[in-house]
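To start, the structure itself, in structure tokens.
Just so it is clear, none of the values below were taken in a lab; they were calculated from the coordinates. Given the structure is predicted, the values throughout are model-derived calculations rather than measurements. Counting neighbours? That spans all protein chains shown, and the Cβs are built from the backbone with ideal geometry, glycine included.
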Amino acid sequence: MQRKIIVPLIAIMLLAAGLLAAANQQPKIAVVNIAKVFEQSNNRDTGEKELQAQMDRAMETIEKYKAEAQKLQTALDKLEKGSPKYIELSKQRVELMASAEIYSEQTKIKIQNRENAIRQELYANIRETIDKYAKQQGYDLVLKIDDNYISGKSVVTQDIQMSTRVVLYNSQKMDITAEIVKAINKK
């Protein structure tokens, strides 16, 4: 599947380069390491702080559930098993634990959804910044680059990283990652 995407991309790049060469112009090409832009973006830090605050609030609430369940367990330990009060407190404890589990799962989903939204917003901002910068600087083509090392621990992950890498070499003078980070953080 990846090969089906890469081959047309390379064909488009060659066609664009050929058209520019035919017009006696050299294409102006740059590369950007999107992962580094994500890492160094001030917006990412803001998003992470927001997510951490949500997780902290959720953990406080879960701790309250656990403390209440522990109080009920302590009371249950003092009662005779099978007594009406024991049955009532057991039911309350089970309901409390179920509520805690439901709250935990719902909060986890909310935080994941917000994390996805933050990443999408940041990526859209990065793309917009790259588009604007490339137009201002007269670039004809900007390619995404990756770090040069293979970081996957499994053979499958390493294979995916190697097979999805589009740019195998670029001159450092083509790398505009630092300029994009500066532009993103100005906003």
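Some points to look at:
- FRET efficiency, 1/(1 + (r/R0)^6) with R0 35 Å, evaluated for Arg57 and Ile87 via beta carbons: 0.55
- Candidate lysines for bridging to Lys110, where Cα separation is under 24 Å - those fewer than 8 sequence places away on the same chain excluded: Lys49, Lys64, Lys66
- Here Tyr169, Tyr133, Tyr65 are placed in order of increasing Cβ neighbour count within 10 Å, fewest first, which gives Tyr169, Tyr65, Tyr133.
- The amide H of Val142, built 1.01 Å from its N in the peptide plane, has Ala30 as neighbours under 5 Å, considering only residues 5 or more places off or on other chains.
- Hydrodynamic radius of the range 101-144 per Kirkwood, over alpha carbon pairs, in Å: 12.7 Å
- Positive minus negative residues near Val167 (Lys, Arg vs Asp, Glu; Cβ under 9 Å): +1
- Local electrostatic count at Lys28 - Lys and Arg +1, Asp and Glu -1, tallied over other residues with Cβ under 12 Å: +1
- Annotation note: GluC sites (Glu not before Pro) in the range 63-103 located in DSSP loop regions with a Cβ neighbour count of at most 10 within 10 Å are Glu80.
- Our estimate of slack between Asn43 and Lys110, defined as 0.36 nm per intervening residue step minus the Cα-Cα distance, is 22.2 nm.
- Gain upon complete extension [Gln26, Ala75; 0.36 nm per residue less C-alpha separation]: 9.6 nm
- Pairwise FRET efficiency - Lys66 versus Lys132, Cβ, R0 = 41 Å, nearest 0.05: 0.25
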